[in-house]
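Peer 1: Below is the structure I would like to discuss, written out as structure tokens.
Just so you know, all these numbers are worked out from the coordinates, no wet-lab data involved. Every value quoted in this text rests on a predicted model; they were computed, and no experiment measured them. Glycine also receives a Cβ, built like all others from the backbone with ideal geometry; neighbour counts cover every protein chain displayed.
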Amino acid sequence: MIEQIASLKTELESVSIQSAADLENYRLTYLSKKGKVAELMPLIGQAPVDQKRIVGQQINEVKQLAQDLFDQAQQRLEESGPVLKKATDDLSLPVLPFTQGGLHPLSLVIQEIKSVFFRLGFTIADGPELEDDFHNFTALNFPPEHPARDMQDTFFIRKDEPGKPDLVMRTHTSPVQVRLMQSQTPPIRSIMPGRVYRNESITAKSYCLFNQIEGLYVDKHVTLAELKETLIVLAKMMYGSDVKYRLRPSFFPFTEPSLEMDVWWERKSGGQWLEILGAGMVDPNVFKACGVDPDVYTGFALGLGVDRMAMLRYGLNDIRDLYDNDVRLISQFA
Ligand code: DAH
């Protein structure tokens with residue numbers, strides 16, 4: 001009996017555990033319910049009464065030794081590398097693909113534009129996508145029935161209730177300017193990002209919905225020079241200090257004078273100018289419609305085409321790529 005215990009002790013001391021598989025083997029052979037240590041247990045019952053104590057003690061010692069050897073080997077293996085949880089785990093199996101989320105290219109560009117304006121002291125504001133005629137057109141100096149409204153092919157939302165005027169899906173973010181001036185007293189210095197909608201034929205360059213960022217700066221003595229400087233800083237921070245840009249006179253009902261900014265788009269097939277924004281000095285009529293005194297305040301406004309800026313930034317040729325959510329494209333931005 002005593003010999004049987006002693007021989008297990010010798011056996012244990014000679015086992016070599018070099019790998020996770022060895023460790024698991026060891027556990028099964030010696031420590032499991034049907035293992036060699038458990039096999040010794042009945043010996044206590046079989047031992048003569050005067051030897052029970054000593055047999056019990058020796059079995060306990062072997063049991064402790066078996067456990068200690070296991071613990072030491074496990075620690076050693078853990079320190080030298082990962083331990084497999086199960087002997088059946090197979091390190092040579094291919095790893096499951098690790099998918100990582102990322103921001104959409106439009107979100108990335110919006111973030112960049114925001115950070116430029118934050119550095120210039122602008123705050124952020126928001127307005128509804130479903131607008132009324134007053135905010136989308138009238139307050140912005142589009143006279144009723146005036147052809148200027150045709151500049152923007154509008155999605156009208158007909159209300160079939162008598163006396164209720166139609167609503168519009170906002171055609172630009174400029175109505176948020178109006179809401180801002182109605183609800184705050186100048187100085188106001190905010191940008192207003194958001195989605196806008198136009199009933200346009202869908203092509204590589206135009207889509208029925210797109211993103212704009214409106215900017216508004218109203219205070220005493222705001223000048224056109226400040227507007228130009230702001231636009232130039234924006235272009236340089238977005239596209240590098242050697243960016244090729246131009247400012248062209250233009251027309252918008254809500255600004256006077258008005259201008260547009262183009263950035264040179266270098267392509268393999270030759271370059272071209274791409275219009276990225278409209279801007280101008282806020283028209284006094286707009287101030288009046290919003291309850292701001294044009295004799296006291298001046299201001300500039302601007303509206304950026306986020307999609308154009310994203311296309312330029314990432315060399316995309318088709319605006320629709322920004323809305324298809326084709327993983328082959330958007331996963332490149334993760
Ligand atoms: N709202 C104009 C558009 O969608 C863009 C724009 C032009 C906004 C000039 C402005 C501005 O604030 O001053 O075409």
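Peer 1: Who wins for biggest fluctuation among Pro284, Pro143, Pro42 in a Gaussian network model of the chain, springs between alpha carbons below 10 Å?
Peer 2: Comparing Pro284, Pro143, Pro42 in the GNM, the peak value goes to Pro42.
Peer 1: What full-extension length gain, to one decimal in nm, is calculated for Val296 and His146 as 0.36 nm per residue of separation minus the Cα-Cα distance? It would help to have the intermediate numbers written out before the result.
Peer 2: Numbers: separation 150, 0.36 × 150 = 54.00 nm, distance 2.88 nm.
Taking 0.36 nm per residue and subtracting the Cα distance, the gain is 51.1 nm.
Peer 1: Go through 93-103, 291-301, 318-328 and give me the packing order, highest mean Cβ count within 10 Å leading.
Peer 2: Details: 93-103: 7.3, 291-301: 17.0, 318-328: 13.7.
Top of the packing list down: 291-301, 318-328, 93-103.
Peer 1: Apply the Karplus parameterisation 6.51 cos²θ - 1.76 cosθ + 1.60, with θ equal to phi minus 60°, to every residue of region 93-99 and state each ³J(HN,Hα) to the nearest whole Hz, in sequence, with x for glycine and proline.
Peer 2: Working through the residues one at a time gives 5, x, 6, 5, x, 9, 9 Hz.
Peer 1: Among the GluC sites (Glu not before Pro) in region 108-188, which ones are in a DSSP loop with at most 10 other Cβ atoms within 10 Å of the Cβ? Mind listing them?
Peer 2: Glu145
Peer 1: First check a/c for region 105-333, with a ≥ b ≥ c the square roots of the eigenvalues of its C-alpha gyration tensor; if it is under 1.5, answer rounded, and if not, answer prolate when a/b is larger than b/c or oblate otherwise.
Peer 2: Numbers: a/c = 1.79, a/b = 1.21, b/c = 1.48.
Oblate, since a/c reaches 1.5 and b/c is not below a/b.
Peer 1: Show me the trypsin sites (Lys or Arg not before Pro) within region 1-87 that DSSP assigns to loop and that have at most 15 other Cβ atoms within 10 Å of their Cβ.
Peer 2: Values: sites: Lys9, Arg27, Lys33, Lys34, Lys36, Lys52, Arg53, Lys63, Arg76, Lys85, Lys86; in loops: Lys33, Lys34, Lys85, Lys86.
Passing sites in region 1-87 are Lys33, Lys34, Lys85, Lys86.
Peer 1: Once amide H atoms are placed 1.01 Å from N in the peptide plane, what residues at a sequence separation of 5 or more from Trp265, or on another chain, have their amide H within under 5 Å of its amide H?
Peer 2: Distant-sequence amide H within range of Trp265: Gln272, Trp273, Leu274.
Peer 1: If you don't mind, another one. Mind scanning Lys159/Lys205; Lys220/Lys288; Lys114/Lys288 and naming the pairs with a C-alpha gap bigger than 25 Å?
Peer 2: Checking Cα-Cα distances, Lys159/Lys205; Lys114/Lys288 exceed 25 Å.
Peer 1: Short version: what are the Cα gyration tensor semi-axes of region 2-80, square root of 5 times each eigenvalue, largest first, in whole Å?
Peer 2: Working: eigenvalues 146, 24, 18 Å².
With the √(5λ) rule applied to region 2-80, the semi-axes are 27, 11, 9 Å.
Peer 1: Sticking with this one: With a ≥ b ≥ c the root eigenvalues of the C-alpha gyration tensor of region 112-236, is it rounded (a/c under 1.5), prolate (a/b larger than b/c) or oblate? Provide the component values of the computation, followed by the final result.
Peer 2: Values: a/c = 2.09, a/b = 1.52, b/c = 1.38.
It comes out prolate by the Cα gyration axes.
Peer 1: Moving on to the next point. Sorting Ser258, Ser206, Ser241 on the 10 Å Cβ count, fewest up front, what's the list? Could you put the intermediate results ahead of the total?
Peer 2: Values: Ser258 18, Ser206 14, Ser241 7.
Arranged by neighbour count, lowest to highest, Ser258, Ser206, Ser241 become Ser241, Ser206, Ser258.
Peer 1: Mean separation of Cα pairs under 8 Å and 6+ residues apart, divided by the residue count of the chain: what relative contact order is that in percent? Kindly include the intermediate steps, with their values, before the conclusion.
Peer 2: Working: 498 pairs, mean separation 50.3, N = 334.
Result for the chain is 15 percent.
Peer 1: Just need the relative contact order of region 2-80 here, percent rounded to a whole number, with Cα pairs under 8 Å and 6+ apart.
Peer 2: Numbers: 49 pairs, mean separation 29.8, N = 79.
Across region 2-80, relative contact order equals 38 percent.
Peer 1: Classify region 168-230 as rounded, prolate or oblate, taking a ≥ b ≥ c as the square roots of the eigenvalues of its Cα gyration tensor: rounded when a/c is under 1.5, otherwise prolate if a/b is larger than b/c and oblate if not.
Peer 2: Numbers: a/c = 3.71, a/b = 1.83, b/c = 2.03.
Note, shape of region 168-230 comes out oblate.
Peer 1: Moving to a separate point now. Under a Cβ-Cβ cut-off of 14 Å, what is the net charge of the residues other than Trp265 that fall near it, where Lys and Arg count +1 and Asp and Glu count -1?
Peer 2: +2
Peer 1: Let me ask something else. What is the spin-label model distance, in nm, from Val49 to Lys114 if the labels are put 7 Å beyond Cα along the C-beta direction?
Peer 2: About 8.6 nm separates the two model spin labels.
Peer 1: Of the candidates Gly315, Gly215, Gly35, which one comes out as most mobile in a Gaussian network treatment of the chain with C-alpha springs shorter than 10 Å?
Peer 2: Maximum fluctuation in the GNM of the chain, among the listed residues, is at Gly35.
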